[in-house]
Amino acid sequence: MANIRNKIIFLGTGGGGSMVSLQTYSTAGFWVNLEGVDLYFDPGPSAVYKIRQAGLNPDNLKGIFISHKHLDHTGDLNALIEAVHYQFSNKGWNYKDYQVFCPPDVVPYIIENHQKMPGKIVKVRPEQFYRLEHLKIMTTKKLLEKPCYHGNLEQYGYEVRGKQFSFAYVPETFYQSGLFKKLESDILVLNAMAPTNDYPEQLVKIVKEISPQLVILRHWIKRAADYGIKKYAHDLGKATGVKVIAVKDGEVFDFKTASILP
Ligand SMILES: [Zn+2]
């Protein structure tokens, strides 16, 4: 990939157990270059393969971010840690200049040996600030993927602020009043859930509370794909008055123009 500066590269836009199996939309997660710093979010199954296929170099990553422990978000976490560790372009392995940010209950999912590979594994806490290079990272409050987990799942979204650009990433979650009050970014990468029952309403409330300029919708499960991802995005846009894009595998968002590259 030619110039990835200030871009989000959506290697994977799929989610859920259905897409872990089908891979109609990849569960690879996404790569962000914000003001020269390379970050990776939610490396689900096929992340390393998709990174290499796109011509990106895992050696460059400074941060790997996990929203929650489910397989569609962590399946390739160990593989990605190992890929960064090997540093084929930076003269050999045992590279330490990168960090993993994850909820505490993700740590047991990292193989013991791999826990020693990153410079640091940051067990994130709600509404905390972290530094990575010149970037300021803020976690959201503890989210609620589905009410059936009764708060047992540790799940967070992230806001990444640079000098010029910023964005927020909110994984699939149910809404609660005030959950996102502190998010300030105009660009919101939002994970979709099922297109029926009370799921879409959750997304409407989330978008209304954050009130961004643009929502980039992803994390397509089979039911959302069957419903039609464009229709899904259109519904959400109509209900919120905010511009919503249904992003597909391989598409690239450019912070400078605040749009998906043609
Ligand atoms: Zn998911």
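Laboratory data are not the source of any read-out in this text; all were calculated from the coordinates shown. From a predicted model like this one, the values you see are computed outputs, not experimental measurements. Cβ: placed from backbone, ideal geometry, glycine included. Neighbour counts: every protein chain shown.
The mean sequence separation of alpha-carbon pairs under 8 Å and at least six residues apart, normalised by the residue count of the chain, gives a relative contact order of 17 percent. Give me the percent of Cα-Cα pairs in the range 151-247 that sit more than 21 Å apart, rounded to a whole number. The share of Cα pairs beyond 21 Å in the range 151-247 comes to 27 percent.
Taking Cα atoms only, the orientation of helix 199-210 departs from the longest principal axis of the chain by about 80 degrees. Using the Cβ-Cβ distance between N3 and H234 with R0 = 35 Å, the FRET efficiency computed as 1/(1 + (r/R0)^6) comes to roughly 0.65. A quarter of the convex hull surface defined by the alpha-carbon atoms of the range 38-83 gives 2.7 nm² as the mean projection.
Remark: the chain is approximated by an ellipsoid whose semi-axes, taken from the C-alpha gyration tensor as √(5λ), come to 27, 20, 18 Å, largest first.
Ordered by the count of other Cβ atoms within 10 Å of each Cβ, fewest first, T257, T139 give T257, T139. Against the main long axis of the alpha-carbon atoms of the chain, helix 77-86 sits at an angle near 30°. Under the convention that each Lys and Arg Cβ holds +1 and each Asp and Glu Cβ holds -1, the size of the dipole of the chain around its Cα centre is about 400 debye. In this calculation the C-beta distance from K136 to A258 is compared with R0 = 22 Å, giving a FRET efficiency of 0.65.
Would you mind ranking S67, S46 by Cβ crowding within 10 Å, fewest neighbours first? Intermediate results must be reported in sequence, preceding the final value.
Details: S67 31, S46 21.
Fewest-to-most Cβ neighbours within 10 Å comes out as S46, S67.
On C-alpha positions alone, give me the angle between the axis of helix 229-240 and the longest principal axis of the chain, in degrees, nearest 10. Once rounded, one gets 60 degrees.
Which ordering of S177, S26, S21 is given by a fewest-first count of other beta-carbon atoms within 10 Å?
Details: S177 8, S26 24, S21 11.
Placing the least packed residue first, the sequence is S177, S21, S26.
Farthest toward the positive end of the dipole of the chain, out of P108, F30, I8, is the Cα of I8, where the dipole comes from beta carbon charges about the Cα centre.
In this entry, the range 41-134 is assigned a mean projected area of 6.1 nm², taken as a quarter of its C-alpha convex hull surface. The gain in end-to-end length when the K96 to Q53 segment is fully stretched comes to 13.0 nm, 0.36 nm per residue minus the alpha carbon separation.
Using the structure shown, select from K7/K182; K7/K62; K50/K205; K69/K248; K62/K182 the pairs with a Cα to Cα distance greater than 27 angstrom. Show your work: numbers first, answer last.
Numbers: K7/K182 24 Å; K7/K62 15 Å; K50/K205 33 Å; K69/K248 23 Å; K62/K182 25 Å.
From the list (K7/K182; K7/K62; K50/K205; K69/K248; K62/K182), the Cα-Cα distance tops 27 Å for K50/K205.
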